[in-house]
Amino acid sequence: MLFNSVADQFTNKLLSMLKPLLKPGILVFSLFVLIACVYLPGKKEVIALNIVQPKSTAFKGFLGINGFEWDFFKQASSEVDSQKVRNIQSFSGFRHYMDWEKIESEKGKYTFNPTHSGGFDYDKVYQLCSQNDIEVLACLKNCPAWLVDTYPSGQRDVDNVPAPYGLNRSDPSSYILQAKAAFQFAARYGNNKTVNPAMVNINKTPRWTNDPANTVEIGLGYVHYMECNNEIDKTWKGEKAKQNPEEYAANLSAFYDGNKGKLGKNVGVKNADPSMQVVMSGLSNPDPGFVISMIEWCEKNRGYKADGSVNLCFDVINYHSYNNDGMFGHDYTVGRAPELSSAAKIADDFVAMSAKYAKGMDVWITEAGYDINPQSKQKAIAIGNKPALITQADWMLRSAFLYARHGLKKAFFYMLDDVDKKSATSYASSGFVDGNKKRPVADYFLQVKKLLGEYAYQQTLSADPIVDVYSAKDKRVYVLYVPDEVGRKATYELDLHGDASAKVYYLVPGADNMKQEIIPVKNGKIKLEITETPIFVEKIN
(Lines give C-alpha, C1' and ligand atoms only; values in the text may rest on other atoms or scores of the structure.)
Protein backbone atom coordinates (compact mmCIF):
# COMPACT_ATOMS: atom_id res chain seq x y z
CA MET A 1 0.00 0.00 0.00
CA LEU A 2 1.34 3.40 -0.96
CA PHE A 3 0.86 6.24 1.52
CA ASN A 4 2.14 9.80 1.69
CA SER A 5 4.71 10.62 4.36
CA VAL A 6 2.11 11.77 6.91
CA ALA A 7 0.18 8.57 6.39
CA ASP A 8 3.36 6.52 6.75
CA GLN A 9 4.06 8.08 10.12
CA PHE A 10 0.45 7.60 11.26
CA THR A 11 0.40 3.99 10.07
CA ASN A 12 3.66 3.08 11.77
CA LYS A 13 2.45 4.58 15.04
CA LEU A 14 -0.90 2.82 14.75
CA LEU A 15 0.81 -0.50 13.98
CA SER A 16 2.97 -0.25 17.08
CA MET A 17 -0.09 0.50 19.21
CA LEU A 18 -2.37 -2.19 17.82
CA LYS A 19 0.02 -4.99 16.97
CA PRO A 20 -0.25 -6.70 20.36
CA LEU A 21 -4.05 -6.62 20.12
CA LEU A 22 -4.62 -7.89 16.61
CA LYS A 23 -4.23 -11.27 14.97
CA PRO A 24 -1.27 -11.17 12.58
CA GLY A 25 -3.39 -12.29 9.62
CA ILE A 26 -5.81 -9.42 9.81
CA LEU A 27 -3.54 -6.60 10.93
CA VAL A 28 -2.96 -4.81 7.66
CA PHE A 29 -6.43 -5.23 6.24
CA SER A 30 -8.19 -4.22 9.45
CA LEU A 31 -6.37 -0.92 9.39
CA PHE A 32 -7.73 0.33 6.12
CA VAL A 33 -10.80 2.00 7.61
CA LEU A 34 -8.77 3.46 10.48
CA ILE A 35 -6.20 5.06 8.19
CA ALA A 36 -8.81 6.40 5.81
CA CYS A 37 -8.53 9.85 7.33
CA VAL A 38 -4.97 10.27 6.04
CA TYR A 39 -5.76 9.43 2.44
CA LEU A 40 -6.21 12.34 0.11
CA PRO A 41 -9.92 12.36 -0.85
CA GLY A 42 -9.14 13.34 -4.46
CA LYS A 43 -6.42 10.74 -4.97
CA LYS A 44 -6.81 9.19 -8.37
CA GLU A 45 -7.13 5.54 -9.21
CA VAL A 46 -3.78 3.78 -9.59
CA ILE A 47 -3.71 1.70 -12.79
CA ALA A 48 -1.11 -0.87 -13.81
CA LEU A 49 -0.43 -0.39 -17.51
CA ASN A 50 0.16 -3.03 -20.19
CA ILE A 51 -0.30 -5.97 -17.83
CA VAL A 52 -2.62 -8.65 -19.17
CA GLN A 53 -5.12 -9.64 -16.50
CA PRO A 54 -5.51 -13.42 -16.19
CA LYS A 55 -8.88 -15.12 -15.77
CA SER A 56 -10.96 -12.08 -16.64
CA THR A 57 -14.69 -12.63 -17.04
CA ALA A 58 -17.03 -11.44 -19.78
CA PHE A 59 -18.00 -7.83 -19.29
CA LYS A 60 -21.70 -8.62 -19.23
CA GLY A 61 -21.10 -9.89 -15.70
CA PHE A 62 -20.50 -6.29 -14.62
CA LEU A 63 -23.88 -5.10 -15.88
CA GLY A 64 -26.05 -6.37 -13.02
CA ILE A 65 -28.94 -4.65 -11.27
CA ASN A 66 -30.66 -4.91 -7.89
CA GLY A 67 -34.43 -5.24 -7.86
CA PHE A 68 -37.59 -6.95 -6.65
CA GLU A 69 -40.06 -9.50 -7.98
CA TRP A 70 -42.62 -6.79 -8.75
CA ASP A 71 -40.21 -5.29 -11.27
CA PHE A 72 -41.53 -7.90 -13.75
CA PHE A 73 -45.28 -7.51 -13.26
CA LYS A 74 -48.02 -4.98 -13.86
CA GLN A 75 -48.95 -2.99 -10.80
CA ALA A 76 -51.07 -4.96 -8.32
CA SER A 77 -51.24 -7.82 -10.81
CA SER A 78 -49.75 -11.24 -11.50
CA GLU A 79 -49.61 -10.41 -15.22
CA VAL A 80 -46.15 -9.93 -16.74
CA ASP A 81 -45.47 -6.34 -17.86
CA SER A 82 -43.75 -6.55 -21.25
CA GLN A 83 -42.27 -3.05 -20.96
CA LYS A 84 -40.75 -3.85 -17.58
CA VAL A 85 -39.21 -6.98 -19.08
CA ARG A 86 -37.74 -4.87 -21.91
CA ASN A 87 -36.22 -2.59 -19.26
CA ILE A 88 -34.68 -5.57 -17.48
CA GLN A 89 -33.04 -6.59 -20.77
CA SER A 90 -30.53 -3.76 -20.27
CA PHE A 91 -28.83 -5.96 -17.70
CA SER A 92 -27.07 -9.32 -17.55
CA GLY A 93 -27.55 -9.91 -13.84
CA PHE A 94 -30.48 -9.56 -11.42
CA ARG A 95 -29.81 -9.48 -7.68
CA HIS A 96 -33.20 -10.34 -6.29
CA TYR A 97 -34.01 -8.81 -2.92
CA MET A 98 -36.05 -11.77 -1.71
CA ASP A 99 -37.74 -11.53 1.66
CA TRP A 100 -37.69 -14.85 3.49
CA GLU A 101 -41.36 -14.36 4.41
CA LYS A 102 -42.33 -14.45 0.73
CA ILE A 103 -41.45 -18.15 0.46
CA GLU A 104 -42.26 -19.17 4.07
CA SER A 105 -45.07 -17.03 5.40
CA GLU A 106 -46.06 -19.96 7.62
CA LYS A 107 -43.30 -21.78 9.46
CA GLY A 108 -42.29 -24.93 7.59
CA LYS A 109 -44.68 -24.35 4.67
CA TYR A 110 -43.11 -23.06 1.47
CA THR A 111 -44.75 -21.31 -1.49
CA PHE A 112 -43.26 -20.12 -4.78
CA ASN A 113 -45.98 -19.91 -7.46
CA PRO A 114 -47.63 -17.89 -6.09
CA THR A 115 -45.93 -16.88 -2.88
CA HIS A 116 -48.57 -16.75 -0.15
CA SER A 117 -46.99 -13.50 0.99
CA GLY A 118 -47.53 -11.03 -1.83
CA GLY A 119 -48.92 -13.44 -4.38
CA PHE A 120 -45.92 -13.35 -6.76
CA ASP A 121 -44.96 -16.11 -9.18
CA TYR A 122 -41.26 -16.66 -8.55
CA ASP A 123 -41.15 -19.38 -11.18
CA LYS A 124 -42.11 -16.80 -13.80
CA VAL A 125 -39.57 -14.23 -12.55
CA TYR A 126 -36.68 -16.66 -12.81
CA GLN A 127 -37.91 -18.17 -16.05
CA LEU A 128 -37.99 -14.70 -17.64
CA CYS A 129 -34.45 -14.07 -16.43
CA SER A 130 -33.28 -17.39 -17.86
CA GLN A 131 -34.96 -16.69 -21.20
CA ASN A 132 -33.26 -13.29 -21.41
CA ASP A 133 -29.78 -14.53 -20.41
CA ILE A 134 -29.90 -12.68 -17.08
CA GLU A 135 -28.01 -14.38 -14.25
CA VAL A 136 -29.94 -14.42 -10.98
CA LEU A 137 -28.42 -13.82 -7.57
CA ALA A 138 -31.17 -14.61 -5.08
CA CYS A 139 -30.53 -12.68 -1.85
CA LEU A 140 -32.56 -14.33 0.92
CA LYS A 141 -32.97 -11.54 3.45
CA ASN A 142 -35.01 -10.35 6.43
CA CYS A 143 -36.94 -12.44 8.93
CA PRO A 144 -40.52 -13.67 8.54
CA ALA A 145 -43.13 -12.41 10.99
CA TRP A 146 -43.31 -15.72 12.83
CA LEU A 147 -39.60 -15.49 13.65
CA VAL A 148 -39.70 -11.78 14.48
CA ASP A 149 -42.45 -12.53 16.98
CA THR A 150 -40.02 -14.60 19.08
CA TYR A 151 -38.33 -11.30 20.06
CA PRO A 152 -39.59 -9.07 22.89
CA SER A 153 -42.09 -6.49 21.68
CA GLY A 154 -39.59 -3.64 21.75
CA GLN A 155 -37.03 -5.54 19.66
CA ARG A 156 -39.11 -6.85 16.78
CA ASP A 157 -37.66 -5.97 13.39
CA VAL A 158 -37.45 -7.82 10.07
CA ASP A 159 -33.73 -6.94 9.96
CA ASN A 160 -32.99 -8.95 13.11
CA VAL A 161 -30.40 -11.70 13.03
CA PRO A 162 -32.10 -14.72 11.33
CA ALA A 163 -32.32 -16.86 14.46
CA PRO A 164 -35.07 -17.07 17.08
CA TYR A 165 -34.62 -14.81 20.08
CA GLY A 166 -32.35 -16.07 22.84
CA LEU A 167 -30.38 -18.65 20.86
CA ASN A 168 -26.59 -18.68 20.75
CA ARG A 169 -25.68 -16.61 17.70
CA SER A 170 -22.27 -18.30 17.48
CA ASP A 171 -23.82 -21.77 17.05
CA PRO A 172 -24.67 -22.87 13.48
CA SER A 173 -27.68 -24.80 14.75
CA SER A 174 -29.32 -21.52 15.78
CA TYR A 175 -29.79 -20.74 12.09
CA ILE A 176 -31.35 -24.04 11.05
CA LEU A 177 -34.71 -22.50 10.13
CA GLN A 178 -33.17 -20.11 7.61
CA ALA A 179 -30.93 -22.91 6.29
CA LYS A 180 -33.99 -25.13 5.75
CA ALA A 181 -35.59 -22.38 3.66
CA ALA A 182 -32.37 -22.13 1.64
CA PHE A 183 -32.52 -25.88 1.00
CA GLN A 184 -36.11 -25.63 -0.27
CA PHE A 185 -35.25 -22.75 -2.59
CA ALA A 186 -32.13 -24.48 -3.96
CA ALA A 187 -34.01 -27.75 -4.45
CA ARG A 188 -36.58 -25.97 -6.61
CA TYR A 189 -34.47 -23.55 -8.62
CA GLY A 190 -31.08 -25.26 -8.69
CA ASN A 191 -29.75 -27.85 -11.16
CA ASN A 192 -30.12 -31.02 -9.11
CA LYS A 193 -33.10 -33.03 -10.36
CA THR A 194 -32.40 -35.94 -8.00
CA VAL A 195 -33.50 -34.25 -4.75
CA ASN A 196 -35.70 -36.62 -2.78
CA PRO A 197 -39.30 -35.32 -3.22
CA ALA A 198 -40.05 -36.38 0.34
CA MET A 199 -37.77 -33.54 1.52
CA VAL A 200 -39.64 -30.90 -0.51
CA ASN A 201 -42.34 -29.24 1.56
CA ILE A 202 -44.74 -27.21 -0.59
CA ASN A 203 -47.82 -25.58 0.94
CA LYS A 204 -50.65 -26.55 -1.41
CA THR A 205 -53.43 -25.19 0.79
CA PRO A 206 -55.32 -22.45 -1.10
CA ARG A 207 -55.79 -19.08 0.57
CA TRP A 208 -59.22 -18.57 -0.96
CA THR A 209 -61.55 -20.06 -3.55
CA ASN A 210 -59.87 -20.41 -6.97
CA ASP A 211 -56.50 -19.59 -5.46
CA PRO A 212 -53.79 -21.00 -7.77
CA ALA A 213 -52.26 -24.11 -6.27
CA ASN A 214 -48.54 -24.31 -5.59
CA THR A 215 -46.85 -27.18 -7.38
CA VAL A 216 -43.85 -29.31 -6.49
CA GLU A 217 -40.93 -28.60 -8.81
CA ILE A 218 -37.37 -29.90 -8.51
CA GLY A 219 -34.23 -28.81 -10.35
CA LEU A 220 -35.69 -26.10 -12.59
CA GLY A 221 -32.17 -24.83 -13.26
CA TYR A 222 -33.01 -21.12 -13.12
CA VAL A 223 -30.78 -19.97 -10.26
CA HIS A 224 -27.06 -20.63 -9.79
CA TYR A 225 -26.18 -18.18 -7.02
CA MET A 226 -27.73 -17.65 -3.61
CA GLU A 227 -26.75 -14.96 -1.07
CA CYS A 228 -27.17 -15.37 2.68
CA ASN A 229 -28.78 -12.15 3.87
CA ASN A 230 -27.93 -8.54 3.08
CA GLU A 231 -25.47 -6.27 4.93
CA ILE A 232 -25.21 -8.40 8.03
CA ASP A 233 -22.63 -5.99 9.47
CA LYS A 234 -25.27 -3.26 9.73
CA THR A 235 -24.85 -1.00 12.76
CA TRP A 236 -27.88 1.25 12.34
CA LYS A 237 -30.36 -1.33 13.70
CA GLY A 238 -28.45 -2.18 16.86
CA GLU A 239 -27.10 -5.45 18.22
CA LYS A 240 -30.32 -7.34 17.50
CA ALA A 241 -29.60 -7.03 13.76
CA LYS A 242 -25.81 -6.92 13.53
CA GLN A 243 -23.55 -9.97 13.32
CA ASN A 244 -19.82 -10.06 13.95
CA PRO A 245 -17.63 -12.16 11.60
CA GLU A 246 -17.71 -15.26 13.79
CA GLU A 247 -21.50 -15.15 14.20
CA TYR A 248 -22.03 -14.68 10.49
CA ALA A 249 -19.62 -17.50 9.66
CA ALA A 250 -21.65 -19.77 11.93
CA ASN A 251 -24.81 -18.59 10.13
CA LEU A 252 -23.19 -19.27 6.75
CA SER A 253 -22.03 -22.72 7.79
CA ALA A 254 -25.65 -23.73 8.38
CA PHE A 255 -26.84 -21.98 5.22
CA TYR A 256 -24.05 -23.48 3.07
CA ASP A 257 -24.26 -27.20 3.80
CA GLY A 258 -26.10 -27.63 7.11
CA ASN A 259 -22.82 -27.17 9.00
CA LYS A 260 -21.12 -29.94 7.03
CA GLY A 261 -24.29 -32.05 7.10
CA LYS A 262 -24.59 -32.12 10.89
CA LEU A 263 -27.96 -30.35 10.89
CA GLY A 264 -29.75 -32.76 8.58
CA LYS A 265 -30.10 -33.72 4.93
CA ASN A 266 -32.74 -31.06 4.26
CA VAL A 267 -30.63 -28.18 5.57
CA GLY A 268 -28.41 -25.88 3.54
CA VAL A 269 -27.94 -24.98 -0.11
CA LYS A 270 -25.31 -27.59 -0.99
CA ASN A 271 -27.42 -30.46 0.31
CA ALA A 272 -30.02 -29.54 -2.31
CA ASP A 273 -27.68 -28.57 -5.14
CA PRO A 274 -23.91 -29.01 -4.75
CA SER A 275 -23.35 -26.88 -7.87
CA MET A 276 -25.15 -23.80 -6.57
CA GLN A 277 -22.72 -21.10 -5.46
CA VAL A 278 -23.23 -19.49 -2.07
CA VAL A 279 -22.41 -15.78 -1.98
CA MET A 280 -21.59 -14.18 1.34
CA SER A 281 -23.67 -11.16 2.35
CA GLY A 282 -22.57 -7.89 0.83
CA LEU A 283 -20.75 -5.95 3.54
CA SER A 284 -22.03 -2.43 4.16
CA ASN A 285 -18.58 -1.54 5.52
CA PRO A 286 -16.13 -2.89 2.92
CA ASP A 287 -13.54 -4.28 5.33
CA PRO A 288 -11.45 -7.24 4.07
CA GLY A 289 -10.59 -8.00 7.69
CA PHE A 290 -14.18 -9.06 8.29
CA VAL A 291 -13.76 -11.81 5.67
CA ILE A 292 -10.41 -12.89 7.08
CA SER A 293 -12.03 -13.39 10.48
CA MET A 294 -14.71 -15.50 8.80
CA ILE A 295 -11.99 -17.61 7.20
CA GLU A 296 -10.31 -18.07 10.57
CA TRP A 297 -13.64 -19.26 12.03
CA CYS A 298 -13.93 -21.79 9.20
CA GLU A 299 -10.39 -23.00 9.81
CA LYS A 300 -11.18 -23.58 13.48
CA ASN A 301 -14.69 -24.99 13.12
CA ARG A 302 -14.83 -26.58 9.64
CA GLY A 303 -11.26 -27.73 9.20
CA TYR A 304 -9.59 -28.43 5.88
CA LYS A 305 -10.43 -29.98 2.53
CA ALA A 306 -8.47 -32.84 1.00
CA ASP A 307 -6.34 -30.37 -0.97
CA GLY A 308 -5.21 -28.70 2.26
CA SER A 309 -7.30 -25.55 1.85
CA VAL A 310 -9.67 -24.28 4.53
CA ASN A 311 -13.17 -25.72 4.24
CA LEU A 312 -14.94 -22.43 3.65
CA CYS A 313 -18.72 -22.01 3.84
CA PHE A 314 -19.00 -19.54 0.96
CA ASP A 315 -17.99 -19.51 -2.70
CA VAL A 316 -17.95 -15.78 -3.46
CA ILE A 317 -16.67 -12.79 -1.46
CA ASN A 318 -19.02 -9.82 -1.59
CA TYR A 319 -19.03 -6.18 -0.54
CA HIS A 320 -20.93 -2.91 -1.08
CA SER A 321 -19.43 0.51 -1.72
CA TYR A 322 -20.83 3.78 -3.04
CA ASN A 323 -18.34 6.09 -4.73
CA ASN A 324 -18.23 9.59 -3.22
CA ASP A 325 -15.91 12.20 -1.73
CA GLY A 326 -15.65 10.38 1.60
CA MET A 327 -13.04 7.81 2.44
CA PHE A 328 -14.49 4.33 2.05
CA GLY A 329 -18.03 5.71 2.22
CA HIS A 330 -17.57 7.69 5.45
CA ASP A 331 -18.30 11.42 5.96
CA TYR A 332 -19.30 12.06 2.37
CA THR A 333 -21.06 15.08 0.84
CA VAL A 334 -21.39 14.28 -2.87
CA GLY A 335 -20.91 11.45 -5.35
CA ARG A 336 -17.60 11.39 -7.18
CA ALA A 337 -16.39 9.96 -10.44
CA PRO A 338 -15.29 6.38 -9.66
CA GLU A 339 -11.67 7.01 -10.62
CA LEU A 340 -11.49 9.90 -8.12
CA SER A 341 -13.00 7.90 -5.25
CA SER A 342 -11.71 5.05 -3.09
CA ALA A 343 -13.34 2.47 -5.42
CA ALA A 344 -10.11 1.15 -6.92
CA LYS A 345 -8.34 0.96 -3.56
CA ILE A 346 -11.18 -1.03 -1.99
CA ALA A 347 -11.35 -3.42 -4.94
CA ASP A 348 -7.57 -3.93 -4.86
CA ASP A 349 -7.64 -4.68 -1.12
CA PHE A 350 -10.38 -7.29 -1.49
CA VAL A 351 -8.71 -8.99 -4.46
CA ALA A 352 -5.36 -9.05 -2.63
CA MET A 353 -7.03 -10.47 0.50
CA SER A 354 -8.73 -13.17 -1.56
CA ALA A 355 -5.47 -14.15 -3.24
CA LYS A 356 -3.68 -14.42 0.10
CA TYR A 357 -6.34 -16.05 2.28
CA ALA A 358 -8.97 -17.62 -0.01
CA LYS A 359 -7.06 -19.09 -2.97
CA GLY A 360 -8.18 -16.27 -5.22
CA MET A 361 -11.92 -16.75 -4.63
CA ASP A 362 -14.08 -14.53 -6.85
CA VAL A 363 -14.85 -11.08 -5.43
CA TRP A 364 -18.08 -9.27 -6.33
CA ILE A 365 -19.55 -5.89 -5.57
CA THR A 366 -23.33 -6.12 -5.35
CA GLU A 367 -24.29 -2.55 -4.48
CA ALA A 368 -22.96 0.70 -5.94
CA GLY A 369 -24.68 3.69 -7.46
CA TYR A 370 -25.45 7.40 -7.66
CA ASP A 371 -28.54 9.48 -6.90
CA ILE A 372 -30.06 12.06 -9.20
CA ASN A 373 -31.81 14.13 -6.52
CA PRO A 374 -29.76 17.38 -6.29
CA GLN A 375 -30.04 17.43 -2.49
CA SER A 376 -28.66 13.93 -1.94
CA LYS A 377 -25.17 13.48 -0.50
CA GLN A 378 -24.69 10.60 -2.97
CA LYS A 379 -25.69 12.62 -6.01
CA ALA A 380 -24.22 12.62 -9.48
CA ILE A 381 -23.53 16.23 -10.41
CA ALA A 382 -24.35 18.24 -13.49
CA ILE A 383 -21.17 18.96 -15.47
CA GLY A 384 -21.25 21.93 -17.84
CA ASN A 385 -24.24 21.40 -20.13
CA LYS A 386 -24.43 17.74 -19.10
CA PRO A 387 -27.33 17.11 -16.67
CA ALA A 388 -27.03 14.85 -13.66
CA LEU A 389 -28.88 12.05 -15.49
CA ILE A 390 -26.06 11.84 -18.05
CA THR A 391 -23.37 12.08 -15.37
CA GLN A 392 -25.11 9.25 -13.53
CA ALA A 393 -24.96 7.19 -16.73
CA ASP A 394 -21.28 8.01 -17.31
CA TRP A 395 -20.23 7.25 -13.74
CA MET A 396 -22.22 4.02 -13.41
CA LEU A 397 -20.72 2.67 -16.62
CA ARG A 398 -17.22 3.84 -15.74
CA SER A 399 -17.62 2.16 -12.35
CA ALA A 400 -18.26 -1.13 -14.14
CA PHE A 401 -15.10 -0.65 -16.20
CA LEU A 402 -13.12 0.15 -13.04
CA TYR A 403 -14.30 -3.01 -11.28
CA ALA A 404 -13.32 -5.14 -14.28
CA ARG A 405 -9.95 -3.40 -14.45
CA HIS A 406 -9.21 -4.17 -10.80
CA GLY A 407 -9.99 -7.86 -10.86
CA LEU A 408 -13.55 -8.16 -9.58
CA LYS A 409 -15.70 -10.80 -11.29
CA LYS A 410 -19.23 -9.33 -11.15
CA ALA A 411 -20.99 -6.08 -10.31
CA PHE A 412 -24.63 -5.35 -9.45
CA PHE A 413 -25.79 -1.75 -9.22
CA TYR A 414 -28.35 -0.15 -6.92
CA MET A 415 -31.04 -0.25 -8.21
CA LEU A 416 -33.66 -0.65 -10.93
CA ASP A 417 -36.27 1.80 -9.62
CA ASP A 418 -36.07 4.70 -7.19
CA VAL A 419 -37.15 4.38 -3.61
CA ASP A 420 -38.33 7.99 -3.92
CA LYS A 421 -36.70 10.35 -6.41
CA LYS A 422 -38.13 13.35 -4.51
CA SER A 423 -36.26 12.35 -1.37
CA ALA A 424 -32.85 13.80 -0.53
CA THR A 425 -32.01 10.63 1.41
CA SER A 426 -28.91 8.86 0.13
CA TYR A 427 -29.68 5.97 -2.25
CA ALA A 428 -33.37 6.96 -2.62
CA SER A 429 -32.99 8.24 -6.21
CA SER A 430 -30.42 5.85 -7.65
CA GLY A 431 -32.83 4.24 -10.13
CA PHE A 432 -32.16 3.19 -13.70
CA VAL A 433 -35.77 3.73 -14.75
CA ASP A 434 -38.53 6.27 -14.19
CA GLY A 435 -41.67 4.22 -13.99
CA ASN A 436 -41.62 2.28 -17.24
CA LYS A 437 -39.19 4.64 -18.98
CA LYS A 438 -35.47 3.94 -19.04
CA ARG A 439 -33.02 6.58 -17.88
CA PRO A 440 -29.84 7.19 -19.91
CA VAL A 441 -27.90 4.85 -17.59
CA ALA A 442 -30.15 1.93 -18.61
CA ASP A 443 -29.73 2.90 -22.27
CA TYR A 444 -25.96 2.92 -21.86
CA PHE A 445 -25.95 -0.48 -20.16
CA LEU A 446 -28.03 -2.02 -22.95
CA GLN A 447 -25.84 -0.52 -25.67
CA VAL A 448 -22.60 -1.68 -24.06
CA LYS A 449 -24.09 -5.10 -23.30
CA LYS A 450 -24.77 -5.56 -27.02
CA LEU A 451 -21.29 -4.49 -28.12
CA LEU A 452 -19.02 -5.59 -25.30
CA GLY A 453 -20.98 -8.17 -23.31
CA GLU A 454 -19.02 -11.20 -24.48
CA TYR A 455 -15.64 -9.45 -24.34
CA ALA A 456 -13.35 -9.64 -21.31
CA TYR A 457 -10.99 -7.00 -19.96
CA GLN A 458 -7.43 -7.65 -21.07
CA GLN A 459 -5.21 -4.68 -20.22
CA THR A 460 -4.95 -0.89 -19.99
CA LEU A 461 -2.77 1.07 -22.43
CA SER A 462 -3.19 4.55 -20.95
CA ALA A 463 -4.28 5.92 -17.59
CA ASP A 464 -5.34 9.43 -18.70
CA PRO A 465 -7.23 9.24 -20.89
CA ILE A 466 -8.09 5.69 -19.90
CA VAL A 467 -7.68 3.25 -22.77
CA ASP A 468 -8.79 -0.26 -21.88
CA VAL A 469 -8.51 -3.26 -24.17
CA TYR A 470 -11.28 -5.89 -24.23
CA SER A 471 -10.90 -9.11 -26.17
CA ALA A 472 -12.99 -12.04 -27.37
CA LYS A 473 -10.97 -14.73 -29.13
CA ASP A 474 -9.05 -12.84 -31.83
CA LYS A 475 -11.17 -9.67 -31.69
CA ARG A 476 -10.48 -6.48 -29.77
CA VAL A 477 -12.52 -3.48 -28.68
CA TYR A 478 -10.90 -0.40 -27.14
CA VAL A 479 -12.70 1.62 -24.46
CA LEU A 480 -11.58 5.24 -24.13
CA TYR A 481 -12.61 8.04 -21.76
CA VAL A 482 -11.27 10.85 -19.56
CA PRO A 483 -11.35 9.88 -15.85
CA ASP A 484 -12.56 13.21 -14.54
CA GLU A 485 -15.67 15.13 -13.49
CA VAL A 486 -15.13 18.66 -14.87
CA GLY A 487 -15.98 18.22 -18.54
CA ARG A 488 -12.35 17.77 -19.55
CA LYS A 489 -11.40 16.59 -23.04
CA ALA A 490 -8.26 14.98 -24.41
CA THR A 491 -6.78 13.92 -27.74
CA TYR A 492 -5.43 10.40 -28.04
CA GLU A 493 -3.69 8.63 -30.91
CA LEU A 494 -4.72 4.99 -30.87
CA ASP A 495 -2.36 2.49 -32.47
CA LEU A 496 -4.37 -0.21 -34.25
CA HIS A 497 -1.25 -1.94 -35.62
CA GLY A 498 -1.75 -1.95 -39.36
CA ASP A 499 -3.76 -0.09 -41.96
CA ALA A 500 -7.45 -0.81 -42.13
CA SER A 501 -10.60 0.97 -41.07
CA ALA A 502 -11.96 1.53 -37.59
CA LYS A 503 -15.52 1.58 -36.35
CA VAL A 504 -16.09 4.10 -33.58
CA TYR A 505 -19.16 3.71 -31.35
CA TYR A 506 -20.81 6.56 -29.42
CA LEU A 507 -23.31 6.14 -26.59
CA VAL A 508 -26.74 7.63 -27.27
CA PRO A 509 -29.25 8.52 -24.51
CA GLY A 510 -32.78 7.40 -25.34
CA ALA A 511 -31.73 4.74 -27.83
CA ASP A 512 -31.20 0.98 -27.86
CA ASN A 513 -28.08 1.13 -30.05
CA MET A 514 -24.95 3.24 -30.26
CA LYS A 515 -24.17 5.64 -33.06
CA GLN A 516 -21.49 4.25 -35.36
CA GLU A 517 -18.85 5.95 -37.51
CA ILE A 518 -16.33 4.30 -39.80
CA ILE A 519 -13.05 6.16 -40.17
CA PRO A 520 -9.90 5.30 -42.16
CA VAL A 521 -6.68 4.28 -40.43
CA LYS A 522 -3.46 5.90 -41.62
CA ASN A 523 -0.08 4.45 -40.74
CA GLY A 524 -1.84 2.16 -38.30
CA LYS A 525 -3.12 4.98 -36.09
CA ILE A 526 -6.22 7.11 -35.58
CA LYS A 527 -6.53 10.36 -33.64
CA LEU A 528 -9.56 10.60 -31.38
CA GLU A 529 -11.14 13.29 -29.22
CA ILE A 530 -11.92 11.76 -25.85
CA THR A 531 -14.43 13.07 -23.30
CA GLU A 532 -15.71 11.86 -19.94
CA THR A 533 -18.31 9.71 -21.74
CA PRO A 534 -16.74 6.45 -22.96
CA ILE A 535 -16.36 5.73 -26.67
CA PHE A 536 -15.52 2.38 -28.23
CA VAL A 537 -13.25 1.52 -31.15
CA GLU A 538 -13.22 -1.69 -33.15
CA LYS A 539 -10.70 -2.41 -35.89
CA ILE A 540 -12.17 -3.52 -39.20
CA ASN A 541 -9.82 -5.66 -41.27
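The values are calculated or read from the model by the stated rules, or taken from the named source; none is laboratory data. Owing to the predicted nature of the structure, the values given are computational and were not obtained by experimental measurement. With ideal geometry, Cβ positions are generated from the backbone for all residues, glycine too; neighbour counts draw on all protein chains shown. With ligands, DNA and RNA removed, areas are computed over all heavy atoms of the protein, side chains included. Shrake-Rupley method; radii C 1.70, N 1.55, O 1.52, S 1.80 Å.
Using the beta-carbon distance between ASP211 and LYS475 and R0 = 45 Å, what value does 1/(1 + (r/R0)^6) give for FRET efficiency, to the nearest 0.05?
After rounding to 0.05, the efficiency reads 0.30.
Taking amide H as placed 1.01 Å from N in the peptide plane, LYS525 has its amide H under 5 Å from the amide H of LEU496, each at least 5 places away in sequence or on another chain. When the C-alpha to C-alpha distance is required to be over 20 Å, the pairs from LYS44/LYS539; LYS180/LYS204; LYS345/LYS386 that qualify are LYS44/LYS539; LYS345/LYS386. Along the stretch 338-353 the Karplus relation, 6.51 cos²θ - 1.76 cosθ + 1.60 evaluated at θ = phi - 60°, assigns HN-Hα couplings of x, 6, 9, 10, 8, 4, 5, 4, 5, 4, 4, 5, 5, 5, 5, 4 Hz to successive residues, with x for each Gly and Pro. Backbone amide hydrogens, once placed in the peptide plane, bring ILE530 within less than 5 Å of ALA490, THR491, TYR492, excluding anything fewer than 5 places away on its chain. Stretched out straight at 0.36 nm per residue, the stretch from LYS265 to TYR304 would grow longer than its current Cα-Cα span by 11.9 nm. Considering amide H positions built from the backbone, and no H for Pro or chain starts, which residues 5 or more places from VAL467, or on another chain, come under 5 Å of its amide H? Those qualifying (amide H under 5 Å, at least 5 residues apart or on another chain) are LEU461, SER462.
Its DSSP H runs of at least 4 residues, each contributing -39,500 (n - 2.57), put the calculated 222 nm mean residue ellipticity of the chain at -7500 deg cm²/dmol, to the nearest 500. Centroid-to-centroid, using Cα positions, the stretch 125-162 and the stretch 337-400 are 26 Å apart.
In straight-distance terms, cross-link reach from LYS359 covers every one of the lysines whose alpha-carbon lies under 19 Å from its own, apart from those fewer than eight places away in the same chain; here that gives LYS55, LYS300, LYS305, LYS409, LYS410. A Förster distance of 30 Å, applied to the separation of the beta-carbon atoms of THR333 and ASP434, puts the FRET efficiency at 0.75.
Counting other Cβ atoms within 10 Å, which GluC sites (Glu not before Pro) in the stretch 442-497 have at most 14 and lie in a DSSP loop?
Numbers: sites: GLU454, GLU485, GLU493; in loops: GLU454, GLU485.
Answer by residue number: GLU454.
Counting only aspartates and glutamates at least 8 places from LYS234 when in the same chain, those with an alpha carbon closer than 16 Å to its own are ASP157, ASP159, GLU246, GLU247, ASP287, GLU367. Note on surface exposure: LYS421, LYS356, LYS300, LYS503 rank LYS300, LYS356, LYS421, LYS503 by accessible area, highest first, 1.4 Å probe.
Modelled label positions at ASN311 and ASN385, each set 7 Å beyond Cα in the direction of Cβ, lie 6.5 nm from each other. Applying both filters, DSSP loop and at most 16 other Cβ atoms within 10 Å, to the GluC sites (Glu not before Pro) of the stretch 148-244 gives GLU217, GLU239.
What the phi angles of the stretch 451-461 give under the Karplus curve with 6.51, -1.76 and 1.60, with θ = phi - 60°, is a coupling list of 7, 10, x, 8, 8, 10, 4, 10, 6, 10, 9 Hz, glycine and proline written as x. With protein chains left intact and a 1.4 Å probe, residues in the stretch 174-307 average 39 Å² of accessible area per residue.
By the rule of a C-alpha distance below 19 Å, with chain neighbours fewer than 8 residues away ignored, the aspartates and glutamates paired with LYS124 are GLU69, ASP71, GLU79, ASP81, ASP99, GLU101, GLU104, ASP133, GLU135, ASP211, GLU217. Whole-Hz Karplus values for the stretch 83-92 come out as 5, 4, 5, 5, 5, 5, 5, 5, 10, 10 Hz, taken residue by residue from phi with 6.51 cos²θ - 1.76 cosθ + 1.60 and θ = phi - 60°; glycine and proline positions read x. Note on exposure: THR209, THR215, THR391 ranked by accessible area (1.4 Å probe, complete protein assembly) read THR209, THR215, THR391, with the most exposed listed first. Based on Cα contacts under 8 Å between residues 6+ apart, the chain shows a relative contact order of 14 percent. Gain on full extension, evaluated as 0.36 nm per residue between GLN375 and ALA198 minus their Cα-Cα distance, stands at 58.2 nm. Across the alpha-carbon atoms of the chain, the computed radius of gyration and Dmax are 23.8, 76 angstrom.
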